[in-house]
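As C-alpha cells, the structure follows; a few thoughts come after it.
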Amino acid sequence: MSLTLEQVRRVAHLARIEISNAEAENTLGHLNGIFTLIEDMQAVDTRGVEPMAHAQDLAQRLREDRVTETDQRAAFQSVSPETEGGLYLVPQVIE
C-alpha cells in the first residue's frame, strides 16, 4: 500500500493542518516508508511463534495479597452530609 500526494493533502485538510508542497512530499515519503515496513513485517511467517507479553522473559514480582490498611469508612462518612447503607447520597443531576 502506498499513498499519493493528493491523499496526504486530503488527510492534512481533514486534520485541519496547513501543509506546504515540500512538507507534503516529505510526509508522503515518511508515510510510504512506514507502510513498506508494515508490509515487510506482515510478510514474515509467524506460524508456530507463541505470543508473548514482553520482549524479554521477565516475571512480575508479586506481593502477598493481604489487607494493609484499616477500615476507615465510618470516619470518612461521618463528615458527609448524607449517607445511607454505607453509600454517599448526592443530589440528582440527571432527570
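Data table
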item	result
Some residue of the range 21-32 being modelled with pLDDT of 90 or more, outside any loop (DSSP other than H, G, I, E, B) and within 22 Å of the chain's Cα centre (by Cα)	yes
Checklist (1) assigned to a loop (DSSP other than H, G, I, E, B); (2) at pLDDT 95 or above; (3) among the acidic types (Asp, Glu) applied to Glu95, failing item	(2)
Qualifying residue in the range 73-91 (condition: in a loop (DSSP other than H, G, I, E, B) and of a type in the set (Ser, Thr, Tyr))	yes
Search result, residues across the range 40-67 that are among the polar types (S, T, N, Q) and either surrounded by 10 or more Cβ atoms within 10 Å (Cβ to Cβ) or modelled with pLDDT under 90 (or both)	Gln56, Gln60
Filtered residues of the range 1-32 (kept if closer than 30 Å to Ala43 by Cα, among the hydrophobic types (A, V, I, L, M, F, W, C) and surrounded by fewer than 13 Cβ atoms within 10 Å (Cβ to Cβ))	Met1, Leu5
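The values are calculated or read from the model by the stated rules, or taken from the named source; none is laboratory data. Predicted model, so just to flag it, every value in this text is computed and none were measured. Every residue, glycine as well, gets a Cβ built from its backbone with ideal geometry; the counts of neighbours run over all protein chains shown.
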